[in-house]
Each structure stands twice: as C-alpha cells, then as structure tokens.
1. Which of the numbered conditions does L42 fail, given that it passes all the others? Conditions: (1) modelled with pLDDT of 95 or more; (2) over 19 Å from F122 (Cβ atoms).
2. Being under 21 Å from the mean Cα position of the chain (by Cα), assigned to a helix (DSSP H, G or I), at pLDDT 80 or above and on the phi < 0 side of the Ramachandran plot narrows it down to one residue among E156, E105; which is it?
3. Of the conditions (1) more than 21 Å from L31 (Cα to Cα); (2) open to solvent by 40 Å² or more (accessible area, probe 1.4 Å); (3) not basic (K, R), E66 fails just one. Which one is it?
4. Considering each residue of the stretch 45-59, count those that are at pLDDT 90 or above and in a helix (DSSP H, G or I), and give that number.
5. So, of the residues in the stretch 181-213 that are of a type in the set (S, T, N, Q) and open to solvent by less than 50 Å² (accessible area, probe 1.4 Å), which turns out to be modelled with the lowest pLDDT?
6. If you go through the stretch 173-202 one residue at a time, how many are in a helix (DSSP H, G or I), of a type outside the set (K, R), without any contact (Cβ under 8 Å) to a residue 60 or more places away in the chain and touching a helix residue (DSSP H, G or I) at 6+ places or on another chain (Cβ under 9 Å)?
Amino acid sequence: MVRAYSFHPRVLAQLQRLLEEKGLPSRAHRLDSAQISDLQRLPVPAAAVYVIEANTRRHAAAAVAEEIVTRQPEARLLAVAEKFDEAAAFPLLRLGVKGLLRYSELAENLGRAVQEVAAGGFWVPRALLSRFVDSTLVTARRPRVVSASRHLSRREREVHELLMENLSNKEIARRLHMSERTVKFHVSNLLAKHGVKRRTDLILLCFAEATPA
C-alpha cells in the first residue's frame, strides 16, 4: 500500500492515477492547516511507501515527513515537487526521505521510484545526492557505521572508510597502494553487503544510520 499526502486535490488525483496504472494500490490523504498545527491529527497508517507533495509549504512537508518517521520508524518516504534545489532537498534527506522526484518525471518514473524506495533503495538525482554527501562530510561527523553482521574484511573496512570521504576508485587505489581493479572489486562487495546499487546510496545509507533519531 502506498499512501500519498498533499494539500492539493489535483496532485493527489494524479498520484493515485499514476500509481494505479502501475498496479500499485494507494490511499490519498489531503492535508489541511489543522493537521499541520496539530500533527497528532495526521493519519499515518502503515504503508510500504509514503509519497509527500513538497512543492509548496516546504516546512509543512518537512513536518509531515518527520511525523511519519516518528510514528513509523521504518517508513520509506518519497517526496515530489516541481524541482528540488539544495534548500528544499537537503532538509528532507536529513529527515530520512529516500526519494526525490520532479513533477516532470512522474508519468515516466513514479512507479519505478516507489518500487525502488520500497525495496530499500534511493531515488535521488545523482548530482544532488553528491552535493548532499559533500555538504554532510563538511558539516557533520563522517559516517562510520558498519554493521558487524556484514563481516567486512580488513581491506573492505579500509575501502569503506575512504568511500565515506566520497573518494573515487582511483583516489582510493592511490591511498591504499592497490590497483583500481582491486578497489572496484571491494566496492562491489561493499554495495552487495549493504544491499544498495550505487556508492552514493551507500554513503547516504551510512549517514542515515549514523544520525541519531
């Protein structure tokens, strides 16, 4: 079940239509000022993914995202808007939103984005995610969370540490005195063990794990 939230009936109708076309059952929740003033009134039933319209009233969208995560700690959130700049995207990513999708991409990618987020992945424009990672490494502690259950080798841990600095394979190879091919092999193993597809996804995942709730 996908649950969509918006202040605008047209947006909700479009989201529901597109989700149904992809065979994804959904429920729409129209937001109002009373719910934002008293978030206890916000309906937050369990869902595979929560889709939040964040084009207007950015602070309200962030408040809704935070309330959903507070009540459903394992919630997977996807935000939609006309565009996402750093000012709009970074606060949402810090709250745990795992997908950012522009209106112009809804028809083509909404179904895929929902499925990716539901599966534990991320759907964030690569350039925007890279800037978020860079800003995070500057303004916050570097994420170093590595679950013991993943049984990383010593070399994998070393590669992981440098990966968290957003270094390229070539830069990691130079630091650890190994070939780029060997680094690529270790990076592929790290992605598989963490259940993600891209190195930026791994950095964002580890940042989310390292950030206190």
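The values are calculated or read from the model by the stated rules, or taken from the named source; none is laboratory data. These figures come from a predicted structure and were not determined experimentally. Cβ sites come from the backbone with ideal geometry, for glycine too, and all protein chains shown count toward neighbours. All accessible areas refer to the heavy atoms of the entire protein, side chains included, with ligands and DNA or RNA removed. Shrake-Rupley method; radii C 1.70, N 1.55, O 1.52, S 1.80 Å.
1. (1)
2. Working: E156 fails: under 21 Å from the mean Cα position of the chain (by Cα).
One residue alone meets the criteria, E105.
3. The failed condition is (1).
4. First, pick out the residues of the stretch 45-59 that are at pLDDT 90 or above: 45-54.
Pick out the ones that are also in a helix (DSSP H, G or I) and you get none.
Summing the residues that are at pLDDT 90 or above and in a helix (DSSP H, G or I) in the stretch 45-59 gives 0.
5. Selected residue: T200.
6. Taking the stretch 173-202 and keeping what is in a helix (DSSP H, G or I), we get 173-176, 180-194, 199-202.
Checking the rest, the ones that are also of a type outside the set (K, R) come to 173, 176, 180, 182-183, 185-192, 194, 200-202.
Filter once more, so that each one left must be without any contact (Cβ under 8 Å) to a residue 60 or more places away in the chain: 173, 176, 180, 182-183, 185-192, 194, 202.
With the extra rule that they be touching a helix residue (DSSP H, G or I) at 6+ places or on another chain (Cβ under 9 Å), the set shrinks to 173, 176, 180, 182-183, 186-187, 189-191, 194, 202.
The qualifying residues number 12.
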